[in-house]
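The values are calculated or read from the model by the stated rules, or taken from the named source; none is laboratory data. Note that the structure is predicted; figures quoted are calculated from it, not measured. Counting neighbours? That spans all protein chains shown, and the Cβs are built from the backbone with ideal geometry, glycine included.
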Amino acid sequence: MNPDLLENLRLELRRGCLILAVLAQLKTEHYGYALRKTLADRGMEIDENTLYPLLRRLESQGLLVSQWREEDKRNKRFYRTSTEGKQLLKQLAAEWRSINDSLNEIL
Amino acid sequence: MELLDRYLQAVGFWLPQPQKRDIIAELSEDIRSQIEEKESDLGRNLDEAELEAILKRRGAPLLVAEGYLPQRFLIGPLLFPIYRLVLKWALLYQAGGWFLVWIGFALLDRAHAYSNPGAAVGGALRTLWLVGVNTFAAITAAFALIERYHAKSRFLEQWNPRKLPRLRHPNQISRSNSASELAWNGLLILWWVNWLRVAEIPGLRVALAPALLQSFYWPILTLFAALAAIACANLFRPWWTRRRAGIRLAINSFGLILIALLFMAKPWFEVIAPHATTTEIRDIAQWVDGTAAVLLLFYAMSFVMRGIQDIRRVTGKEPIRHWVMRLPAGE
């Protein structure tokens with residue numbers, strides 16, 4: 001099998017889940033690097049070139065809020081899920097579970 | 001850390017001004033956190049090669065910046081297939097038509113073409129290039145404008161399944177094509193037997209050359225009549241059979257032989273203009289012959305394409321469905 005094809009399909013499959021993972025993880029405040037590490041530790045590795053543009057997009061959609069703050073003598077941008085983001089997360093999580101159930105049955 | 005600053009500067013170059021500082025600050029923070037973590041693992045500062053490896057893994061500056069930029073395209077994925085089709089047709093028709101015209105004139109003005117073949121070909125390619133570039137630019141600009149404004153229209157939501165084109169079998173013959181072929185060949189017959197007069201310009205008469213009429217009158221009339229007859233048959237029984245395809249193959253082969261013979265029997269027309277100079281008469285004759293040559297080349301191309309389709313039908317194969325073949329074959 002073509003390994004590139006597998007990799008492309010794998011990325012495509014994971015792309016939709018990333019938003020869910022980010023919104024869920026950011027119920028607790030994180031800065032970008034820490035968020036990436038936490039997600040990776042929990043098995044959701046995300047490329048930095050995907051994560052940061054995604055964080056900005058979600059923020060511009062009102063699903064995240066952010067603020068620059070100093071920590072360990074360095075300025076870091078902290079993100080957390082907004083109230084609107086939390087409501088949407090509930091709906092997306094329900095959708096995810098439904099898809100997951102259906103897929104489990106099909107597979 | 002000079003390398004890191006250079007990297008950040010290169011990324012920043014591509015970023016939109018209002019968000020540039022913010023994005024660069026965050027990117028810088030992320031890379032510095034990564035460096036710090038690596039240094040703490042190693043228990044020493046990173047050397048230049050290790051920093052270089054980190055930056056290389058991040059990706060080229062343009063690639064990194066691209067993630068932050070809004071998706072923009074001149075012609076989007078929705079319109080692109082239509083754009084490609086229109087461009088292909090326009091370029092093929094323009095280049096093909098122009099090429100035939102050029103061949104026609106090159107055949108007519110052989111003295112010039114042979115005396116200076118380099119200049120003739122160079123000039124031809126230059127014109128062809130300009131025609132191509134202009135067509136490409138005009139079509140691209142038109143589609144870019146549609147792309148810009150079509151988002152507001154909802155034309156794709158207003159489609160009707162009942163208006164989709166009917167299913168067509170490759171051996172089914174279009175009745176409208178047959179009707180127009182019949183009408184065209186009927187007009188040609190009337191013109192050839194001199195029942196249909198083309199309006200004349202006062203002081204100028206263009207007539208078929210007597211030598212041409214003497215040798216080709218009956219063969220050409222037979223060809224026109226045969227083409228009209230097959231068009232008539234196709235109009236009333238719009239379905240290709242092996243027999244009918246074979247008959248058309250024979251007619252088209254006859255037509256090709258006639259065209260080849262005609263090219264060896266020039267001039268085809270004689271120009272009678274009592275008040276014109278010899279040069280003017282020669283120019284008019286060249287123009288008329290050139291137009292006829294182009295028309296004959298179009299006919300020849302169509303006969304060849306039809307011949308290929310007919311051979312396939314006669315031998316029980318499906319005709320070629322590609323439009324490049326079907327269009328000149330009049331299908």
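Test residue B:265 against the stated conditions and say whether it is among the small types (Gly, Ala, Ser), closer than 24 Å to residue B:226 by Cα and free of Cβ contacts under 8 Å to residues at least 24 places away in the same chain.
Details: among the small types (Gly, Ala, Ser): yes; closer than 24 Å to residue B:226 by Cα: yes; free of Cβ contacts under 8 Å to residues at least 24 places away in the same chain: no.
So residue B:265 fails the test.
Taking the condition part of a helix (DSSP H, G or I), farther than 20 Å from residue B:259 by Cα and of a type outside the set (S, T, N, Q), does residue B:187 pass?
Criteria not met by residue B:187.
If a residue has to be surrounded by fewer than 11 Cβ atoms within 10 Å (Cβ to Cβ) and touching a helix residue (DSSP H, G or I) at 6+ places or on another chain (Cβ under 6 Å) to count, how many in the stretch B:132-150 make the cut?
Here the count works out to 0.
Test residue A:23 against the stated conditions and say whether it is touching a Ser or Thr at 6+ places or on another chain (Cβ under 6 Å) and either on the phi > 0 side of the Ramachandran plot or more than 14 Å from chain B (Cβ to nearest Cβ) (or both). Can you show your working first?
Working: touching a Ser or Thr at 6+ places or on another chain (Cβ under 6 Å): yes; either on the phi > 0 side of the Ramachandran plot or more than 14 Å from chain B (Cβ to nearest Cβ) (or both): yes.
Against the criterion (touching a Ser or Thr at 6+ places or on another chain (Cβ under 6 Å) and either on the phi > 0 side of the Ramachandran plot or more than 14 Å from chain B (Cβ to nearest Cβ) (or both)), residue A:23 qualifies.
Counting residues that are closer than 21 Å to residue A:99 by Cβ, which helices (runs of 4 or more DSSP H) fully inside the stretch A:1-70 reach at least 2?
A:3-25, A:48-60
Check whether at least one residue in the stretch A:97-107 is touching a helix residue (DSSP H, G or I) at 6+ places or on another chain (Cβ under 7 Å) and either modelled with pLDDT under 95 or small (Gly, Ala, Ser) (or both), and report yes or no.
Checked against the condition, which is being touching a helix residue (DSSP H, G or I) at 6+ places or on another chain (Cβ under 7 Å) and either modelled with pLDDT under 95 or small (Gly, Ala, Ser) (or both), the stretch A:97-107 yields no hits at all.
Within the stretch B:35-56, which residues are in contact with a helix residue (DSSP H, G or I) (Cβ under 9 Å, 6 or more places away or on another chain), within 13 Å of residue B:4 (Cα to Cα) and not β-branched (Val, Ile, Thr)?
B:46, B:48, B:50, B:51, B:52, B:55
Looking at residue B:34 and the list (1) assigned to a loop (DSSP other than H, G, I, E, B); (2) among the polar types (S, T, N, Q); (3) surrounded by 11 or more Cβ atoms within 10 Å (Cβ to Cβ), which single condition is not satisfied?
Unmet condition: (1).
Suppose we keep only residues that are aromatic (Phe, Trp, Tyr) and within 12 Å of another protein chain (Cβ to nearest Cβ) within the stretch A:58-107. Which one would you say is surrounded by the fewest Cβ atoms within 10 Å (Cβ to Cβ)?
A:68
Of everything in the stretch B:37-61, what is facing another protein chain (nearest Cβ under 9 Å) and in a helix (DSSP H, G or I)? Give them in sequence order.
If the condition is that a residue be facing another protein chain (nearest Cβ under 9 Å) and in a helix (DSSP H, G or I), then B:37, B:58 are the ones that fit.
Please determine, by comparing only the residues of the stretch B:62-92 that are of a type in the set (A, V, I, L, M, F, W, C), away from chain A (no Cβ under 14 Å) and outside any helix (DSSP H, G or I), which one is farthest from residue A:55 (Cα to Cα).
B:79
Please go through the stretch B:63-91 and pick out each residue that is basic (Lys, Arg) and closer than 30 Å to residue B:9 by Cα.
Hit for the stretch B:63-91 is B:72, nothing else.
Looking only at the stretch B:1-36, which residues are more than 10 Å from every other protein chain (Cβ to nearest Cβ) and among the acidic types (Asp, Glu)?
Of everything in the stretch B:1-36, those that are more than 10 Å from every other protein chain (Cβ to nearest Cβ) and among the acidic types (Asp, Glu) turn out to be B:2, B:5.
Kindly evaluate residue B:208 against the criterion of being of a type outside the set (D, E, K, R) and touching a strand residue (DSSP E or B) at 6+ places or on another chain (Cβ under 9 Å).
In short, yes.
Scan the stretch A:36-48 for residues that are farther than 18 Å from residue A:92 by Cβ and within 14 Å of chain B (Cβ to nearest Cβ) and jot them down.
Listed by number, the residues that qualify are A:36, A:37, A:38, A:40, A:41, A:45, A:47, A:48.
Collect the residues in the stretch B:202-244 that are under 35 Å from the mean Cα position of the chain (by Cα) and outside any helix (DSSP H, G or I), keeping them in residue-number order.
Answer for the stretch B:202-244, where residues must be under 35 Å from the mean Cα position of the chain (by Cα) and outside any helix (DSSP H, G or I): B:206, B:207, B:208, B:237, B:238, B:239, B:240, B:241.
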